[in-house]
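In what follows, a single structure is set out as structure tokens and then discussed.
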Amino acid sequence: MKKIILILFLYSLTFSISEAQWIQQYPVTVGSAFRDIEFINRNTGWACGDGIIVKTTNSGENWIVQSNPVPDKYLYSISPVDSMTVYCVGWFETIIKTTNGGENWSIVRNGPSGFGRSYQGSFFVNKDTGWICGQVWTYYNILKTTNGGDTWDSTYIFWGFLKDFYFINENTGLVSGPGLGVFKTTNGGTDWERKYIPHWGGAGDIRKLSVINDQYVFVVEDARRVYKSTDFAESWDSVGYVNGADQPYSCAFSNINTGWVGGTYGELFKSTDGGVNWIRQYTGNDQRFIRSFWFYNDSIGWAVGGNTKLLYTTNGGLTFANSNIQYTLENYKLYQNYPNPFNPETNIKFEVIKRSLVELKVYDILGKEVYVLVNEELSEGVFEKMFDGSDLPGGIYFYQLKADDFIETKRMILIK
């Protein structure tokens, strides 16, 4: 069996590997993900994900699972206003709210899986006023409430699946999306103006906004380029490139110099020069994606992602390197498809460690085989297959990899 050796070069320090840069604070749940994390202070925060909401009041020493009324939904954004009022949104018309710190959550909206709007971003400036963004069938929308979710007004931007918000006050804010889309409003979201980001080549999605002092804005897009604005998105400069990243999902800056980028395959990078240069950080052997960050200061912060990844650092994720520490992967591997949910195409990546007869098949929720992606002998290596669900109805599907005595199955969602 061929071994795949990953050599990490560490700076000359006397730390042992047990003194980790990032430590896991929550038990791993294979196939389930955290997708957002937010705190209101050093101690109290919430994280949400695939049907789950957790809360801490002691900086993550303990995370308590909160009962929520939508355990079958992907929850993408959580917005705490204070210690009592928190909003959470997700796929398929999902908006829930608590007014007692999460002891009880009430449904604001909740549609059937596979239908209706899917929300990915939210931002509330107080307990009554907030915005939600995402996708609604053939056009893309923004919802706003001024009465705590009792009623909603809608506007829309014909630009793509909107991802993330940041508001300075009830009038002035930003929303991000695909194609280097950053839009600004100065009238509470009634009108939005695109703020052009100069670029070369392709223009990927901007999934997260990172704002410092209501003035400096950092974004990283799918093609790994990092952009900065010093005037709240009025003008932009290209400042750096995250070399070595596969696909960035999120970025967070604690000040104008120090920031982090996370993405697919557990990749996490740090910059200390305003996004110009980036250094890969060690986060363990788990390669599930990193979706969201929250930093209290330059040293203390959290990162969440796939396999209920909930990482914590108290040293800013120092990049150690000197002794050659080896980590060995000795098995076949099936990755989570990307994008997920998808419409109509998604990519499935897998690893084969020796020449084998490999099967990669797609099944519907009843276990019926609907598509064969691979059924052949493959040599060792890393492979990626595109799955096109154009001819299938929307819903939950499963894909399974078989090779030798290895079998692994994962879930994906097709949106129509």
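FYI, it's all coordinate maths here, none of it is from the lab. It should be emphasised that the depicted structure is a prediction, and the values quoted were computed from it without experimental measurement. Ideal geometry is used to build each Cβ from the backbone, glycine not excepted, and the neighbour counts take in all protein chains shown.
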| Rounded, prolate or oblate (a/c below 1.5 giving rounded, otherwise prolate when a/b exceeds b/c) for region 25-139 by Cα gyration tensor | oblate
| request: With an 8 Å cut-off on Cα pairs and a minimum separation of 6 or more residues, tell me the relative contact order of the chain in percent. | output: 13
| Per-selection Kirkwood Rh - region 55-115 (Cα, Å, 1 d.p.) | 12.1
| For the chain, which span is the longest to avoid every loop-located (per DSSP) member of chymotrypsin sites (Phe, Trp or Tyr not before Pro) having at most 12 other Cβ atoms inside 10 Å? | 201-416
| message | Through the Karplus equation 6.51 cos²θ - 1.76 cosθ + 1.60, θ set to phi - 60°, convert the phi angles of region 302-310 into ³J(HN,Hα) values in whole Hz; use x for Gly and Pro. | response | 10, 9, 10, x, x, 6, 6, 5, 9
| For region 116-262, what D do you get in µm² per second when you plug the Kirkwood radius from alpha-carbon pairs into Stokes-Einstein at 10 °C and 1.306 mPa s? | 103
| task | Taking H placed 1.01 Å from N in the peptide plane, check which residues at least 5 places from Leu268 or on another chain put their amide H under 5 Å from its amide H. | result | Gln281
| task | Taking amide H positions as placed in the peptide plane 1.01 Å from N, state which residues far from Gly181 in sequence (5 or more) or on other chains have amide H under 5 Å from it. | result | Ile206
| Charge dipole (the chain, unit charges on Cβ, about Cα centre) - positive-most of Gly317, Gly274, Phe218 | Gly317
| Tell me, how many Å apart are the Cα centres for region 199-260 and for region 26-99? | 25
| query | What pairs in Lys208/Lys309; Lys208/Lys270; Lys309/Lys354; Lys228/Lys349; Lys55/Lys349; Lys354/Lys385 have C-alpha atoms more than 24 Å from each other? | reply | Lys309/Lys354; Lys228/Lys349; Lys55/Lys349
| Rg(Cα) of region 185-289 divided by 2.2 N^0.38 Å? | 1.09
| Out of Gln400, Gln24, Gln120, any idea which swings most in a Gaussian network model of the chain, alpha carbons joined below 10 Å? | Gln400
| request: Step through the residues of region 90-95 one at a time and calculate ³J(HN,Hα) from phi using the Karplus curve (6.51 cos²θ - 1.76 cosθ + 1.60, θ = phi - 60°), rounding each to whole Hz and writing x for Gly and Pro. | output: x, 6, 6, 6, 9, 9
| note | Cα-based Rg/(2.2 N^0.38 Å) for the chain, rounded to two decimals, is 0.97
| note | To the nearest 20 debye, region 166-212 has a Cα-centred charge dipole, built from +1 on Lys and Arg Cβ and -1 on Asp and Glu Cβ, of 160
| task | Can you find, among Ile197, Leu414, Trp22, the residue farthest towards the positive end of the dipole of the chain? Put +1 on the C-beta of Lys and Arg, -1 on that of Asp and Glu. | result | Trp22
| Dipole of region 332-414, positive direction: furthest Cα of Leu401, Phe383, Tyr338, with charges on the beta-carbon | Tyr338
| message | Test of understanding: ordering Lys354, Lys309, Lys402 by Cβ neighbours within 10 Å, fewest first, what list do you get? | response | Lys354, Lys402, Lys309
| remark: Given backbone amide H placed at 1.01 Å from N, residues whose amide H is under 5 Å from that of Arg291, ignoring those fewer than 5 places away on the same chain, are Val304, Gly305, Gly306
| query | With charges set only on the Cβ (+1 for Lys and Arg, -1 for Asp and Glu), what does the dipole of the chain come to about its Cα centre, in debye to the nearest 20? | reply | 220
| field | In sequence order, calculated HN-Hα J values of region 269-280 (Karplus, 6.51, -1.76, 1.60; Hz; x Gly/Pro) | value | 10, 10, 10, 10, 10, x, x, 6, 10, 9, 10, 5
| task | Assign unit charges at the C-beta atoms only (+1 for Lys and Arg, -1 for Asp and Glu), then state the dipole size of region 332-414 relative to its Cα centre in Debye, rounded to the nearest 20. | result | 220
